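Novice: Handing you a structure now.
The values are calculated or read from the model by the stated rules, or taken from the named source; none is laboratory data. Bear in mind the structure is a predicted one, so any value in this text is a computation, not a measurement. Methodologically, a virtual Cβ is constructed for each residue, glycine included, from the backbone with ideal geometry; neighbour enumeration extends over all protein chains shown. The protein model used for the area step is the full one, side chains on, heavy atoms only, and it has no ligands, DNA or RNA in it. Shrake-Rupley method; radii C 1.70, N 1.55, O 1.52, S 1.80 Å.
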There are 2 protein chains.
Amino acid sequence: MQNTTSKKATIKGSYHHGDLRSSLLEAAKAMLSESGIEGLSLRKLADRVGVSRTAPYHHFKDKNELLCAIAQEGFDHWHSNAERILAQTDISNREKYHQFFQSYIGYAAENPEMYDLMFGRTIWKQNSATKDLRAIAYPSFQRQVEMTKKWQEQGLMSPQEDTLRLAQVTWGTMHGIARLLIDGIYADRSHIEEMCTCAVNLFIREPD
Amino acid sequence: MQNTTSKKATIKGSYHHGDLRSSLLEAAKAMLSESGIEGLSLRKLADRVGVSRTAPYHHFKDKNELLCAIAQEGFDHWHSNAERILAQTDISNREKYHQFFQSYIGYAAENPEMYDLMFGRTIWKQNSATKDLRAIAYPSFQRQVEMTKKWQEQGLMSPQEDTLRLAQVTWGTMHGIARLLIDGIYADRSHIEEMCTCAVNLFIREPD
DNA sequence: CCACACATCTTGACAGCGTCAAAATAAGAC
DNA sequence: GTCTTATTTTGACGCTGTCAAGATGTGTGG
């Protein structure tokens, strides 16, 4: 959209660069989707924005903090996606769940590198997630559990199963299919719809 | 077990080191399970085996080829595991599937770094898998599809679903749960059994 | 038995990475 | 207008994967 110069002119009350932090985030997101987490180096990022190698360190403690900040935006984006689907009132619960499921896989397929960052080992494996990121990510699963409970009460899902386990299994399925897709293992983008339908058939009981 | 010196003495008809290749593989597997893919560097590996930094390059074209060779051994290990379970004749089909499912998750939980290597993006994302690795990994899913077909015929799984999609979804579920576990996301080792039971309940129809 | 060919291993080098310390620069406050 | 503070840069260190060239040991053909 607009370049950094115009931003500088707009905000004006800023320091040397304008606002390096958001410029870095913007460029980093672009680099992420272009070349993945492995291809995102702080040096190339700084170069792209036009500052020296160590300039980013005054806005992010280290690379991990930058990655967490990017992931945060990813969660924001996905959450608004999910809310929009779940807020619908003119479709059946089954259809709503189907859309939710497919939209989750779709988000992963369309933003593979972002999804990998949000739900991959880079951040979560060695507990390197920022407090801010945790504050957005943790409620994400909590909501999944609550929704599962509601779906059970509505007779959409088996009421016999423990809610937490059911939520883990159903989310695990979405996560697994997403990962198979984005890692290019035995699954193809063109099969997304059929896979989702199949999964929903297994999880959702027929309406009475 | 035995150190390289004794191996050298045993095999004897070898060159400078004995057999560097298998020593490297052995040490690399140890380093992998100790500190993960990220912690496995060729230089530290060479140091550990007691050779110079570039010695490994005469046995593996590059790091990727070494990783593929390790993954191969992982597939071998898992396959023998799976065969043993599926060969049982004294238990019900349902129980057999349950054991298979739980054993898959168990393997991932007990060998998290190996699982990540075998089914993670490091190898598969940019099609960097060796021919040899492909020759072991691809039939692995093929077998999953064949088993799914058999389970459908036996009335264990829904015969209405397309076999390939069903195989993708059920394997996706195993893969997803495994990943949530080993990446430390919203799932705990102590819940493995319950999660597996829940998943099996969803996938397997009650016996008539 | 010796020389030659070859497999194997080592040393040196290069570019890239994340990150720290110290110096330079610009902005806002008094 | 000076001073404090925020921001940015330059220099450096150790780590990484990998290539080129040299050194060394092994097995083979004469």
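Novice: Quick check on region B:55-68. Is at least one of its residues of a type in the set (Phe, Trp, Tyr), more than 14 Å from chain A (Cβ to nearest Cβ) and within 13 Å of DNA strand C (Cβ to nearest atom)? Walk me through it before giving the result.
Specialist: In the first step, residues of region B:55-68 are kept if they are of a type in the set (Phe, Trp, Tyr); the result is B:57, B:60.
From what's left, more than 14 Å from chain A (Cβ to nearest Cβ): B:57, B:60.
Cutting the leftovers down to within 13 Å of DNA strand C (Cβ to nearest atom) gives us B:57, B:60.
For region B:55-68, residues of a type in the set (Phe, Trp, Tyr), more than 14 Å from chain A (Cβ to nearest Cβ) and within 13 Å of DNA strand C (Cβ to nearest atom): present.
Novice: Being open to solvent by less than 40 Å² (accessible area, probe 1.4 Å), at pLDDT below 95 and either within 12 Å of DNA strand C (Cβ to nearest atom) or outside the structural domain of residue A:179 (by TED's automatic domain parsing) (or both) is the requirement here; does residue A:24 meet it? Write out each step before concluding.
Specialist: Values: open to solvent by less than 40 Å² (accessible area, probe 1.4 Å): yes; at pLDDT below 95: no; either within 12 Å of DNA strand C (Cβ to nearest atom) or outside the structural domain of residue A:179 (by TED's automatic domain parsing) (or both): yes.
Here the answer is no, as residue A:24 does not meet what is asked.
Novice: Which residue, of B:120, B:176, is open to solvent by less than 10 Å² (accessible area, probe 1.4 Å) and without any contact (Cβ under 8 Å) to a residue 12 or more places away in the chain?
Specialist: Numbers: B:120 fails: without any contact (Cβ under 8 Å) to a residue 12 or more places away in the chain.
One residue alone meets the criteria, B:176.
Novice: Please tell me if residue A:206 is within 9 Å of chain B (Cβ to nearest Cβ) and either surrounded by fewer than 18 Cβ atoms within 10 Å (Cβ to Cβ) or among the acidic types (Asp, Glu) (or both).
Specialist: Against the criterion (within 9 Å of chain B (Cβ to nearest Cβ) and either surrounded by fewer than 18 Cβ atoms within 10 Å (Cβ to Cβ) or among the acidic types (Asp, Glu) (or both)), residue A:206 does not qualify.
Novice: Being modelled with pLDDT under 95 and either under 30 Å from residue A:147 (Cβ atoms) or within 16 Å of DNA strand D (Cβ to nearest atom) (or both) is the requirement here; does residue A:99 meet it? It would help to see each step written out before you state the result.
Specialist: Working: modelled with pLDDT under 95: no; either under 30 Å from residue A:147 (Cβ atoms) or within 16 Å of DNA strand D (Cβ to nearest atom) (or both): yes.
So residue A:99 fails the test.
Novice: Let me ask something else. Going through A:109, A:199, A:178 one at a time, which residue ends up being at pLDDT 95 or above, aliphatic (A, V, I, L, M), farther than 28 Å from residue B:205 by Cα and out of contact with any strand residue (DSSP E or B) (no Cβ under 8 Å at 6 or more places or on another chain)?
Specialist: Working: A:199 fails: farther than 28 Å from residue B:205 by Cα; A:178 fails: farther than 28 Å from residue B:205 by Cα.
The unique qualifying residue is A:109.
Novice: Which residues, taken from region B:193-202, are within 7 Å of another protein chain (Cβ to nearest Cβ) and open to solvent by 10 Å² or more (accessible area, probe 1.4 Å)?
Specialist: In the first step, residues of region B:193-202 are kept if they are within 7 Å of another protein chain (Cβ to nearest Cβ); the result is B:194-195, B:198-199, B:201-202.
Once the filter is applied, which keeps residues that are within 7 Å of another protein chain (Cβ to nearest Cβ) and open to solvent by 10 Å² or more (accessible area, probe 1.4 Å), region B:193-202 yields B:194, B:201, B:202.
Novice: Need the failing condition index for residue B:182 against (1) among the aliphatic types (A, V, I, L, M); (2) farther than 28 Å from residue A:112 by Cβ; (3) at the interface with chain A (Cβ under 8 Å from one of its Cβ atoms), just the number.
Specialist: (2)
Novice: Could you count how many residues in region B:30-42 are without any contact (Cβ under 8 Å) to a residue 40 or more places away in the chain and surrounded by 18 or more Cβ atoms within 10 Å (Cβ to Cβ)?
Specialist: Matching residues across region B:30-42 total 3.
Let's see how each residue does on (1) touching a residue at least 24 places away in the same chain (Cβ under 8 Å); (2) open to solvent by 10 Å² or more (accessible area, probe 1.4 Å); (3) facing chain B (nearest Cβ under 10 Å); (4) in contact with a Cys (Cβ under 6 Å, 6 or more places away or on another chain):
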| position | (1), (2), (3), (4) |
| --- | --- |
| A:124 | no, yes, yes, no |
| A:132 | yes, yes, no, no |
| A:147 | yes, yes, no, no |
| A:152 | no, yes, no, no |
| A:162 | no, yes, yes, no |
| A:165 | no, yes, yes, yes |
| A:171 | yes, yes, yes, no |
| A:191 | no, yes, yes, no |
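Novice: Sticking with this one: Filter region A:43-59 down to the residues that are open to solvent by less than 70 Å² (accessible area, probe 1.4 Å) and more than 11 Å from DNA strand D (Cβ to nearest atom) and list them by number.
Specialist: Hit for region A:43-59 is A:45, nothing else.
Novice: Scanning for something more than 8 Å from chain B (Cβ to nearest Cβ) and either in contact with a Ser or Thr (Cβ under 6 Å, 6 or more places away or on another chain) or among the polar types (S, T, N, Q) (or both), does region A:134-142 turn up at least one residue?
Specialist: The answer is yes; a qualifying residue exists.
Novice: Residue A:83 fails exactly one of the following numbered conditions: (1) in a helix (DSSP H, G or I); (2) in contact (Cβ under 8 Å) with a residue 12 or more places away in the chain. What is the number of that condition?
Specialist: Going through (1) in a helix (DSSP H, G or I); (2) in contact (Cβ under 8 Å) with a residue 12 or more places away in the chain one by one, residue A:83 breaks only (2).
Novice: Scan region B:32-54 residue by residue and report those that are away from DNA strand C (no atom under 13 Å from the Cβ) and either more than 20 Å from residue A:38 (Cβ to Cβ) or not in a helix (DSSP H, G or I) (or both). Let's see the steps before the verdict.
Specialist: As a first pass, look at region B:32-54 and keep what is away from DNA strand C (no atom under 13 Å from the Cβ): B:32-37, B:39-40, B:44.
Selection gives B:33, B:34, B:40.
Novice: Considering only residues that are within 14 Å of another protein chain (Cβ to nearest Cβ), more than 12 Å from DNA strand D (Cβ to nearest atom) and of a type in the set (Asp, Glu), which ones fall in region A:25-42?
Specialist: Selection gives A:34 alone.
Novice: Of all residues in region B:72-107 being of a type in the set (D, E, K, R) and out of contact with any helix residue (DSSP H, G or I) (no Cβ under 8 Å at 6 or more places or on another chain), which is surrounded by the fewest Cβ atoms within 10 Å (Cβ to Cβ)?
Specialist: The initial filter retains those residues of region B:72-107 that are of a type in the set (D, E, K, R), namely B:73, B:76, B:83-84, B:90, B:94-96.
With the extra rule that they be out of contact with any helix residue (DSSP H, G or I) (no Cβ under 8 Å at 6 or more places or on another chain), the set shrinks to B:83-84, B:90, B:95.
On the way: B:83: 10, B:84: 11, B:90: 6, B:95: 12.
Residue satisfying both the conditions and the ranking: B:90.
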